[in-house]
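Have a look at the structure below, then the notes.
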Amino acid sequence: MSENTELMKYVATTCPYCGVGCTLNLVVNNGRLVGVEPNQRSPINEGKLCPKGVTCWEHVHSPDRLTAPLIKKNGKFEEATWDEALDLVAKNFKTIYDKNGPKGLGFQTSCRTVNEDCYIFQKFARVAFKTNNVDNCARICHGPSVAGLSLSFGSGAATNGFEDALNADLILVWGSNAVEAHPLAGRRIAQAKKKGIPIIAVDPRYTMTARLADTYVRFNPSTHIALANSMMYWIIKEGLEDKKFIQERVNGFDELKKTVENYADAESIHGVPLDVVKDMAFRYAKAKNAVIIYCLGITELTTGTDNVRSMGNLALLTGNVGREGVGVNPLRGQNNVQGACDMGAYPNVYSGYQKCEVAENRAKMEKAWGITDLPDWYGATLVEQIKQCGEEIKGMYILGLNPVVTYPDSNLVKKQLERLDFLVIQDIFFTESCEYADVILPGACFAEKDGTFTSGERRINRVRKAVNPPGQAHEDIWIITELAKKMGLKGFDLPTAKDVWDDMRAVTPSMFGATYEKLERPESVCWPCPTEDHPGTPILHREKFATADGKGNLFGIEYRPPAEVADAEYPFTLMTGRLIFHYHSRTQTGRAVDLHREVPESYAQINVEDANRLGIKNGEYIKLKSRRGETTTLARVTDEVGPGVVYMTMHFADGVNNLTNTALDPMSKMPELKHCAIAIEKAGGN
Ligand code: SF4
């Protein structure tokens, strides 16, 4: 054995990218990562990884990593010591708080970082500044899932696991391109197909997942409610609803029945011929066990919460909740979308979705955290905080987010961040957003810290430290607890991830039993896990729903059009989405050689008929314009999108979010990232 191989070790951890939560071993040689291998014993990925997972270690030792705290002086960043940087943050946050009160600061954390960072971050915001202005980027992907599934079932999380799709008799994939966006969940759909389970894909775009399906149903963008209502009209008309299930376990049937009567034939809205609607409805209702899998096609709209509730309606109407092979399952885009919300990095709940407005919950947290006067108000959400910059909000702390690229209306985001008196960004790379910061704190990436990610199936997967952070960079828990100590706060003597997790468990009944010892097992634990001898809960709502009366709720929901629809000036509908080769704003995947080579720049899909009419050729540059801005991108001429529809990837700076709309879903405050009106011209302007 050579000297180097003696120093080699494998460190079992979890992929830092999508919410499937594949587990893998990082290969470490001489203190540096040299590769990755999938975990063969994982019940999630069974020894497989997607292109992102295989390359997930490549950015870790990038020379571009932030290695020292930076303070902006006279418009330029200068390296500083940790004491200088943290003293400045503590002083300026305190000054803003003293002058403007708890609503003068905004706190935003990433759902890409570990649960323990999210928990300690929201605890810091609430303890230090008595504020509920704390949110995470699940807001702009699955906020409507949290809100909608809570209203329908009492719990804002997936009802069943990924593998459970193999127990279904029919899979309805709606607004999800799982094969590309969540490849190892997509693998379960491919396995189901091999097993002979029929798959219906409902999507405005003929995606990789739609190609895999037996039946592809194209519908007009953002008309989900009308289509679901049409399906439910015909299910009820034919008497195919599950009467026993409804009688015993469901509220609201009469309201739903009355509402869907107006949708017998809504082809003029959703564009799906009546015979196709009936076929889809009858197959879903007649299947012994049918599961719905959905994603951002459902949620990233101003009707997001109602779209999710429509999926809940379908499942409750047909009795497809609470056992193997059924349910309603959102696929989470980022690794810890589920966990960041579970940890209470949310403006109206503490960890485990304990509502801040409930006096007993506040009293419990005040006792545990040794403080008084926790607020009962609903804090400002991610996009609301951006809109309030320079007005109510004067200072902001952003952990692991790149709002300039990933939030809607990039031009507005830049303008608003400039209006802040003081902005702190904690990250691993100097992102496009860092330009707007006053202080930059260098954090640690997934390979440099311990902790947990909670996947889309509520499975709490361990993250383990394999290498040290570069230079003076530090684990994020260390940064936040040091800052808290500098402010004289008690309750932050929590040096390890396990200490933080135990601090969380002590105040969170639904996760109290999920000890680190239990999480060591390859299969780990799915919450709820209320006691230390509890095995966890892979399937929710078996006996009763998590609502106050234990029943599921049907809702009569009317179709509403998007906030901005195509018109004479902006005649195309723009949809956005993910690529298999990139993740979020590419700060990590853009530094993986093979991933960057596959897709080095942004592109927009445009229908063949539209391209011919506008004289646009495949591979040439086009300019897309909306009421908010413009971007230049490559044209991909295709029939994957229908006439009048353009699809663009979300990953590139100065890209699609120069165009997108900040209009919000009134219930979840989700911005309408998936639908706005645009105009197209050749990049030369002719
Ligand atoms: Fe990572 Fe998701 Fe790919 Fe699995 S499917 S390897 S979790 S990006």
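The values are calculated or read from the model by the stated rules, or taken from the named source; none is laboratory data. Since we're looking at a predicted model, the values are computed, not measured. For neighbour counting, all protein chains shown are included, and Cβ atoms are generated from backbone atoms with ideal geometry for every residue, glycine included.
Here are the numbers for the structure shown:
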| read-out | value |
| --- | --- |
| Condition met for residue 478 (among the aromatic types (Phe, Trp, Tyr) and more than 17 Å from residue 351 (Cβ to Cβ)) | yes |
| Subset of segment 653-664 that is assigned to a loop (DSSP other than H, G, I, E, B) and in contact with a strand residue (DSSP E or B) (Cβ under 8 Å, 6 or more places away or on another chain) - its residue that is nearest to residue 633 (Cα to Cα) | 655 |
| Matching residues in segment 41-93 - criterion: being away from the ligand (no atom under 16 Å from the Cβ) and out of contact with any strand residue (DSSP E or B) (no Cβ under 9 Å at 6 or more places or on another chain) | 63, 73, 74, 75, 76, 81, 83, 87, 90, 91 |
| Scan of segment 238-260 for residues that are within 17 Å of residue 278 (Cα to Cα) and either among the hydrophobic types (A, V, I, L, M, F, W, C) or not in a loop (DSSP other than H, G, I, E, B) (or both), ordered by number | 240, 257, 260 |
| Wholly enclosed strands (runs of 3 or more DSSP E) of segment 542-649 bearing at least 3 residues away from the ligand (no atom under 16 Å from the Cβ), at pLDDT 95 or above and over 26 Å from residue 433 (Cβ atoms) | 603-607, 630-638 |
| Single condition residue 278 does not satisfy, out of (1) out of contact with any Phe, Trp or Tyr (no Cβ under 6 Å at 6 or more places or on another chain); (2) within 28 Å of residue 190 (Cβ to Cβ); (3) in a helix (DSSP H, G or I); (4) modelled with pLDDT of 95 or more | (1) |
| Those residues of segment 104-132 which are within 16 Å of the chain's Cα centre (by Cα) and not in a strand (DSSP E or B), in sequence order | 110, 111, 112, 113, 114, 115, 118 |
| Tally of residues being within 13 Å of the ligand (Cβ to nearest atom) and of a type in the set (Gly, Ala, Ser) across segment 2-40 | 2 |
| Scan of segment 565-585 for residues that are surrounded by 14 or more Cβ atoms within 10 Å (Cβ to Cβ) and either more than 21 Å from residue 297 (Cα to Cα) or polar (S, T, N, Q) (or both), ordered by number | 570, 573, 576, 585 |
| Residues located in segment 436-491, provided they are surrounded by 24 or more Cβ atoms within 10 Å (Cβ to Cβ) and of a type in the set (Phe, Trp, Tyr) | 446, 453 |
| Residues of segment 664-677 classified as out of contact with any Gly (no Cβ under 6 Å at 6 or more places or on another chain) and crowded, with 20+ Cβ neighbours inside 10 Å, total | 9 |
| Pick from segment 180-237, criterion part of a strand (DSSP E or B) and within 22 Å of the chain's Cα centre (by Cα), ranking: farthest from residue 52 (Cα to Cα) | 202 |
| Entirely in segment 427-534, the strands (runs of 3 or more DSSP E) that have 1 or more residues that are farther than 30 Å from residue 657 by Cα and in contact (Cβ under 8 Å) with a residue 24 or more places away in the chain | 451-454, 459-463 |
| Helices (runs of 4 or more DSSP H) completely within segment 323-400 that count 2 or more residues being acidic (Asp, Glu) | 359-369 |
